[in-house]
1. Please determine, by comparing only the residues of the range 155-197 that are charged (D, E, K, R) and more than 12 Å from the chain's Cα centre (by Cα), which one is surrounded by the fewest Cβ atoms within 10 Å (Cβ to Cβ).
2. What do you reckon, is I209 over 17 Å from M63 (Cα atoms), over 18 Å from the mean Cα position of the chain (by Cα) and within 16 Å of the ligand (Cβ to nearest atom)?
3. Is it fair to say T139 is within 16 Å of the ligand (Cβ to nearest atom), at pLDDT 95 or above and of a type in the set (V, I, T)?
4. Identify the residue in the range 212-245 that is open to solvent by 10 Å² or more (accessible area, probe 1.4 Å) and closer than 17 Å to D93 by Cα and, among all such residues, is farthest from the ligand (Cβ to nearest atom).
5. If you take the residues in the range 246-276 that are of a type in the set (S, T, Y) and touching a helix residue (DSSP H, G or I) at 6+ places or on another chain (Cβ under 8 Å), which one is most open to solvent (accessible area, probe 1.4 Å)?
Amino acid sequence: MNTRAKSSSEKPEESRSFFSRINLWFPWLKIVAAIFLIFIIVLDLLSFTVSKTANLNDDFPTMPMSRHIKATERTLEGKKLVALTFDDGPSPDTTPRLLDILTEKNAIATFFVLGTMAKRQPEIIKRAKSEGHQIASHTMYHQNLTGISLEAAEADINESRNVFRGITGYGPALTRPPYGNFNEKIGRLSKTPLILWSVDPEDWKYRDINAITEAVMRQVHDGAIILMHDIYPTSIDAVPVIIDKLRNDGYEFVTISEMAENRGITLSPGSSYYKF
Ligand code: NI
């Protein structure tokens, strides 16, 4: 008779130490951990395969309309409307300062971002989006889309759509073709309305606060789309001055989509818009 075995088997459950309990469960924990790990690896492989094989021409949902974060406090009735638009960014040197100014002035804008810039500064895009600004596409490489082959134009547009989707989770709702150059085929490829402009202060050329401000004030009208670039410090410096002057003249700031909605215009893919 094995008394030692008997005495050990009769040991009451409660007297087992914490460590002996862990020991008892440990083999199971190892199995559970292994299954969990395999699950994670399979999931990772799956998502990798999906992203590698995704068709560039896949349609994905376009970004919903952006509204001013304080839209409910803002009244557009009886106001002249104007859309500030900024191209060629985002730049880490200038765009965050512009966002600070827009917040301080309680104004809203539309950003036509370049894919190459967006790829390097996804956080600025996310910030602008979270602050209610509209984010749209200015293509991937800023090529003259009517001066290159249709295949090259399609590749550029599709690449920018994918970068845009990677950052925002949506496809762009609007496109501004570089240099304002487009034709019917480019319009179709973009799958979005094409947004041009009616006020061009040529801020990239003058790089002077007064010249930019005066040009805007000379050309501005109700329903205007103002073209500026958020990559030049002088353009950013002019923004608070322009906002104050326009407000003084009875203008309120809206995104492109807000302005279209306010004017009862349904933006249609492939069509071009200069003002509303
Ligand atoms: Ni541009």
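1. The selected residue is E184.
2. Values: over 17 Å from M63 (Cα atoms): yes; over 18 Å from the mean Cα position of the chain (by Cα): yes; within 16 Å of the ligand (Cβ to nearest atom): no.
In short, no.
3. When the stated conditions are applied, T139 passes them.
4. D237
5. Kept after step one, since they are of a type in the set (S, T, Y), are these residues of the range 246-276: 251, 255, 257, 266, 268, 271-274.
Okay, now just the ones that are also touching a helix residue (DSSP H, G or I) at 6+ places or on another chain (Cβ under 8 Å), so 266, 271-273.
On the way: T266: 119, S271: 42, S272: 46, Y273: 33 Å².
Only one residue tops the list, namely T266.
Residues are listed down the side, and each one gets a yes or a no for (1) within 16 Å of the ligand (Cβ to nearest atom); (2) out of contact with any Cys (no Cβ under 9 Å at 6 or more places or on another chain); (3) among the hydroxyl-bearing types (S, T, Y); (4) within 15 Å of F164 (Cα to Cα):
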position: D93; (1), (2), (3), (4): no, yes, no, no
position: L99; (1), (2), (3), (4): no, yes, no, no
position: K105; (1), (2), (3), (4): no, yes, no, no
position: F112; (1), (2), (3), (4): yes, yes, no, yes
position: T116; (1), (2), (3), (4): yes, yes, yes, yes
position: R120; (1), (2), (3), (4): no, yes, no, yes
position: E123; (1), (2), (3), (4): no, yes, no, yes
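The values are calculated or read from the model by the stated rules, or taken from the named source; none is laboratory data. Only a predicted model underlies this, so the values are computations on that prediction, with no experimental measurement involved. For neighbour counting, all protein chains shown are included, and Cβ atoms are generated from backbone atoms with ideal geometry for every residue, glycine included. With ligands, DNA and RNA removed, areas are computed over all heavy atoms of the protein, side chains included. Shrake-Rupley method; radii C 1.70, N 1.55, O 1.52, S 1.80 Å.
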